[in-house]
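Here's the structure we're looking at; comments come further down.
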Amino acid sequence: MPELKRFLYHAEHTHCYTYFSIRGDFDPDAVTALLGLTPDETTKAGEPMYFRGVSRGTYAFSSWDFGRCDEYDVIVENQMRKTIAPLLDKVELLKKIKRENDVYFFLEVVPTIRYDEPVPILAPSLDVMQFCCDTGTKLDIDMYLSCPDGPQDGAVLELGN
């Protein structure tokens with residue numbers, strides 16, 4: 001069983017960000033050229049991977065992340081729409097990428113919620129769901145909870161290696 005390590009985390013306020021991600025066996029530079037969009041971040045399979053400054057081996061797959069929206073809106077579908085807006089006229093190109101490569105598409109939604117503030121509304125709108133259906137994009141929600149007044153000054157436990 002992995003060792004549990006203390007990890008202190010305190011969010012000043014509830015917030016959320018969204019982005020679109022392609023992951024799998026592909027060349028991120030070729031995707032950038034095909035879509036004509038500048039990604040926020042890319043990784044290539046086989047590149048060194050670091051987490052908090054510690055080497056964690058190499059990436060097992062490539063990724064292409066685009067459209068990060070940090071403009072928090074309690075109605076998160078508005079952030080989702082901002083993320084996918086530049087991709088709406090690229091649906092056929094995205095389908096081509098998926099046909100020609102072993103890849104998965106994700107619409108990432110990453111809320112951090114303070115226990116003492118209103119929670120964001122995470123339901124996607126019909127137009128966001130239509131884009132996801134048309135492109136085979138999975139909705140991935142990674143939710144975090146901030147408990148600043150919890151035990152040990154907001155300490156939470158994190159799985160360590």
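The values are calculated or read from the model by the stated rules, or taken from the named source; none is laboratory data. Owing to the predicted nature of the structure, the values given are computational and were not obtained by experimental measurement. For neighbour counting, all protein chains shown are included, and Cβ atoms are generated from backbone atoms with ideal geometry for every residue, glycine included. These accessible areas exclude ligands, DNA and RNA; they are computed on the full protein's heavy atoms, side chains included. Shrake-Rupley method; radii C 1.70, N 1.55, O 1.52, S 1.80 Å.
Among all residue pairs at least 6 apart or on different chains, which show Cβ distances below 8 Å where the first residue, located in segment 74-92, is open to solvent by 50 Å² or more (accessible area, probe 1.4 Å) and the second is of a type in the set (Asp, Glu)?
Arg81/Asp127; Lys82/Glu71
For segment 33-133, which fully contained strands (runs of 3 or more DSSP E) count at least 1 residues that are out of contact with any helix residue (DSSP H, G or I) (no Cβ under 9 Å at 6 or more places or on another chain), on the phi < 0 side of the Ramachandran plot and aliphatic (A, V, I, L, M)? Walk me through how you get there before you give the answer.
On the way: elements: 41-43, 48-51, 54-58, 62-69, 102-114.
Qualifying strands (runs of 3 or more DSSP E): 48-51, 54-58, 102-114.
For segment 128-150, which positions are under 23 Å from His15 (Cα atoms), within 19 Å of the chain's Cα centre (by Cα) and surrounded by fewer than 18 Cβ atoms within 10 Å (Cβ to Cβ)?
Answer for segment 128-150, where residues must be under 23 Å from His15 (Cα atoms), within 19 Å of the chain's Cα centre (by Cα) and surrounded by fewer than 18 Cβ atoms within 10 Å (Cβ to Cβ): Met129, Lys138, Leu139, Asp140, Ile141, Asp142, Met143, Tyr144, Leu145.
Checking the structure you have, find out if any residue of segment 20-31 is among the aliphatic types (A, V, I, L, M) and without any contact (Cβ under 8 Å) to a residue 12 or more places away in the chain.
First pass over segment 20-31, keeping only residues among the aliphatic types (A, V, I, L, M): 22, 30-31.
Narrowing the set further to residues that are without any contact (Cβ under 8 Å) to a residue 12 or more places away in the chain leaves 30.
Checked against the condition, which is being among the aliphatic types (A, V, I, L, M) and without any contact (Cβ under 8 Å) to a residue 12 or more places away in the chain, segment 20-31 yields at least one hit.
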